[in-house]
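I have placed the structure first, in the form of structure tokens, so that the comments after it can refer back to it.
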Amino acid sequence: MAFASEREAFETYVQTFPETATLLIDTYDVRKGASNTAAVCEKLRGVRIDSGDLAAHAREVRAILDLMDRKGAKIVASGDLNEFRIEELLEKSAPIDIFGVGTELATSKDAPALGGIYKLVAIESEQGTRYPVKTSEDKASYPGRKQIFRMADPDGTLQGDILELEGEAPPEGSAPLLQRVMHSGKREAAACEPLEKMQERCRVELSRLPERLKRLRAPEEYPVRIGPALERLFQQAVKGIKK
């Protein structure tokens with residue numbers, strides 16, 4: 001917008017990025033913007049549409065780019081996109097190659113507050129260990145140090161998790177998830193895993209989820225249950241509360 005014309009702005013940008021230019025074309029007029037990009041850049045990487053009827057604009061832009069021999073140029077759509085808007089655009093067969101998701105990927109827009117709280121689970125003293133619990137409605141807390149065991153079918157498909165006391169034998173077919181990462185103020189080996197390895201593990205675990213949990217509409221909840229030893233300790237702690 002600091003330039004006298006959109007075309008001049010595109011020409012200057014392309015001079016700096018001659019082979020990697022992806023240009024935003026909806027500042028003034030989408031169709032004119034598409035024509036300007038095709039005219040000033042032979043090796044156009046792509047164009048981005050950030051407003052309006054993305055499906056309709058994408059069809060118009062694809063026709064203009066193809067007519068001007070820029071068939072290899074990608075169309076990027078952005079502008080407060082989420083999984084539901086993307087699904088809608090795909091159902092309309094919009095010729096969009098790349099979806100740019102920002103706000104709703106980097107922020108928790110549907111649940112902006114994380115309901116996480118700190119609760120004591122054990123107090124050690126000379127008299128032994130006492131297990132405090134909270135029993136208020138919808139906010140009960142479970143006592144003791146814990147481990148999470150992940151259950152899976154023989155083919156690797158995840159069945160659910162079991163929240164259990166630390167030190168309990170893992171149920172058959174399960175694997176413990178929690179690892180100690182800090183001790184006496186120092187990081188342990190488990191905390192030093194490279195980011196790339198974490199990303200790969202995340203991809204693998206997501207691929208093991210049943211499809212009924214991953215569907216966009218009315219997905220089922222991932223099952224998590226309380227282990228028997230933890231439930232017994234909870235009931236014992238509740239009985240021992242002095243009101």
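Where a number appears in this text, it was derived from the coordinates with a stated rule and is not lab data. In this text the structure is predicted, and so the values were computed from the model without any measurement. Here Cβ is always computed from backbone atoms with ideal geometry, including for glycine, and neighbour counts include all displayed protein chains.
Classify segment 123-239 as rounded, prolate or oblate, taking a ≥ b ≥ c as the square roots of the eigenvalues of its Cα gyration tensor: rounded when a/c is under 1.5, otherwise prolate if a/b is larger than b/c and oblate if not.
Here segment 123-239 falls in the oblate category.
Is the chain rounded, prolate or oblate when judged by the Cα gyration tensor, a ≥ b ≥ c being the square roots of its eigenvalues, rounded requiring a/c under 1.5 and prolate requiring a/b larger than b/c?
In terms of gyration-tensor shape, prolate.
Where Lys and Arg each count +1 and Asp and Glu each count -1, what net charge lies around ILE123 among other residues with Cβ under 15 Å from its Cβ?
Result for the neighbourhood of ILE123: +3.
Can you tell me, using C-alpha contacts under 8 Å and at least 6 residues apart, the relative contact order of segment 82-174 as a whole percent?
The value is 15 percent.
Could you tell me how many degrees, from 0 to 90 and to the nearest 10, lie between the Cα long axis of helix 195-207 and the main elongation axis, the longest principal axis, of the Cα atoms of the chain?
80 degrees
Listing SER174, SER141 from the residue with the fewest other Cβ atoms within 10 Å to the one with the most, what is the order? Each step should come with its number before you reach the end.
Values: SER174 19, SER141 16.
Going from least to most buried by this count: SER141, SER174.
How much FRET efficiency would the formula 1/(1 + (r/R0)^6) give for LEU213 and ASP80, where r is the Cβ-Cβ distance and R0 is 25 Å, rounded to 0.05?
0.45
Which of rounded, prolate or oblate describes segment 16-115 when judged by the alpha-carbon gyration tensor and an a/c cut-off of 1.5?
Prolate is the answer for segment 16-115, as a/c is 1.5 or above and a/b outweighs b/c.
Suppose the chain between ARG7 and ARG130 were pulled fully straight at 0.36 nm per residue; how much longer would it get relative to their current alpha carbon spacing?
On the way: separation 123, 0.36 × 123 = 44.28 nm, distance 7.34 nm.
Computed gain between ARG7 and ARG130 is 36.9 nm.
Points 7 angstrom from Cα along the Cβ direction at ARG201 and ILE98: gap in nanometres?
Modelled inter-label distance: 3.1 nm.
Taking 8 Å as the Cα distance limit and 6 or more residues as the minimum spacing, I'd like the relative contact order of segment 6-106 as a percentage.
About 24 percent, as a whole number.
How far, in degrees from 0 to 90, does helix 54-67 lean away from the longest principal axis of the Cα atoms of the chain, to the nearest 10?
Helix 54-67 sits at roughly 40 degrees to that axis.
For LYS71, LYS242, what ranking results if the residue with the fewest other Cβ atoms within 10 Å of its Cβ goes first?
Sorted ascending by nearby Cβ count, the order is LYS242, LYS71.
Quote the charge dipole size of the chain about the Cα centre in Debye, to the nearest 20; the model charges only the Cβ of Lys and Arg (+1) and of Asp and Glu (-1).
840 debye
Calculate one ³J(HN,Hα) per residue across segment 90-103 by plugging θ = phi - 60° into the Karplus curve 6.51 cos²θ - 1.76 cosθ + 1.60, and present them in order as whole Hz with x for glycine and proline.
Karplus values, whole Hz, x for Gly and Pro: 5, 5, 8, 6, 5, x, 9, 8, 9, 10, x, 9, x, 3.
When the Karplus curve 6.51 cos²θ - 1.76 cosθ + 1.60 is applied with θ = phi - 60°, which whole-Hz ³J(HN,Hα) does each residue of segment 140-151 get, with x for Gly and Pro?
After applying 6.51 cos²θ - 1.76 cosθ + 1.60, I find 5, 10, 9, x, x, 5, 10, 9, 10, 10, 9, 9 Hz.
Would you pull out the residues with amide H under 5 Å of ALA152's amide H, same chain only if 5 or more places away, H placed 1.01 Å from N?
Those lying under 5 Å, H to H, from ALA152 are GLN159.
Can you tell me the relative contact order of the chain? Whole percent, Cα pairs under 8 Å, sequence separation 6 or more.
12 percent
Would you mind ranking TYR118, TYR222 so that the residue whose beta carbon has the fewest other beta carbons within 10 Å leads the list? Before the final figure, lay out the partial values.
On the way: TYR118 6, TYR222 12.
Least crowded to most crowded, the residues run TYR118, TYR222.
Please list 3J(HN,Hα) in residue order for segment 35-40, calculated via the Karplus relation 6.51 cos²θ - 1.76 cosθ + 1.60 where θ = phi - 60°; whole Hz, with x for glycine and proline.
With coefficients 6.51, -1.76 and 1.60, one gets 5, 5, 5, 5, 6, 9 Hz.
Amide H to amide H, which residues 5 or more places from GLU166 or on other chains are under 5 Å from it, using H placed in the peptide plane?
Long-range HN contacts for GLU166: ARG145, LYS146, GLN147.
Taking amide hydrogens as modeled 1.01 Å from N in the peptide plane, which residues meet the under 5 Å criterion relative to ARG48, leaving out close sequence neighbours?
Residues meeting the criterion, in which the H sits 1.01 Å from N, are LEU23, LEU24, ILE25, VAL76.
Once both labels are modelled 7 Å past Cα along the beta-carbon direction, what's the LYS32-LYS119 spacing in nm?
6.2 nm
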